[in-house]
Amino acid sequence: MASSAASSVRPPRPKKEPQTLVIPRNAAEEQKLKLERLMKNPDKAVPIPEKMSEWAPRPPPEFVRDVMGSSAGAGSGEFHVYRHLRRREYQRQDYMDAMAEKQKLDAEFQKRLEKNKIAAEEQTAKRRKKRQKLKEKKLLAKKMKLEQKKQEGSRGGKELGTHCPPALLLAGSHDGNRDRALLTGPGQPQEQGSSSSAEASGTEEEEEEVPSFIMGR
């Protein structure tokens, strides 16, 4: 008895924490509360309902068992049988019309998607071509700039080669005089020096004689 009583005693349930009452004001807050409630116990499985199958009418029977003959009399329940058959036929026709309309809308939607896709591809190709042209233009301008810099550098080198500085020219003239002196010999420069001194003395004498002639000597 004691063991059965001990086994029948259930363990105490854990006390739940008191929760504040939150009244959602809109659908977003309600969804937030549901997500918070689910995230409190992530190990708990969440039942996900399956997608409901689309309604379809009952297919017609393959074999009709109760066929009425032309000579049989119509009973009181035959009208209701006919009424149910007529309702099913109308439902089947409505379903066929709805499916045809749905297929038509789907086909139009697919055509519109293809048309929009082609237009988007054409616009993308046009913009890609424009970007490629700009890129080629920039590369061509960069190439022309580099060629212009190279031409300017080569032109500056040529100008430096043709126009020598005066120091080099003077050095070249001195070198030329030295070469000329070596070729002609040491006597010629001395003669030039003596002739120049004689010419200078002659001019001095003429200058001295001119005032004496004017004064009446």
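Assorted remarks:
- For region 98-112, Karplus couplings with θ = phi - 60° (6.51, -1.76, 1.60), whole Hz, Gly/Pro x: 5, 5, 5, 5, 5, 5, 5, 5, 5, 5, 5, 5, 5, 4, 5
- Neighbour net charge for M99 - beta-carbon separation under 13 angstrom, K R +1, D E -1: -2
- Of all accessible heavy-atom area on region 77-152, the percent that carbon and sulfur account for (1.4 Å): 56
- Mean Cβ neighbour count within 10 Å, used as a protection proxy, ranking 84-93, 51-60, 126-135 highest first: 84-93, 126-135, 51-60
- Residues of type lysines that K40 reaches as a straight line, Cα spacing below 23 Å, ignoring anything fewer than 8 places off in the same chain: K15, K16, K32
- Equivalent ellipsoid semi-axes - Cα gyration tensor, region 77-152, angstrom: 73, 5, 4
- The residues of region 77-152 expose on average 100 square angstrom of accessible surface per residue, using a 1.4 Å probe on protein heavy atoms.
The values are calculated or read from the model by the stated rules, or taken from the named source; none is laboratory data. If you're wondering where the values come from, they're calculated on a predicted model, not measured in any experiment. Cβ: placed from backbone, ideal geometry, glycine included. Neighbour counts: every protein chain shown. Only protein heavy atoms, including side chains, enter the accessible area calculation; ligands, DNA and RNA are left aside. Shrake-Rupley method; radii C 1.70, N 1.55, O 1.52, S 1.80 Å.
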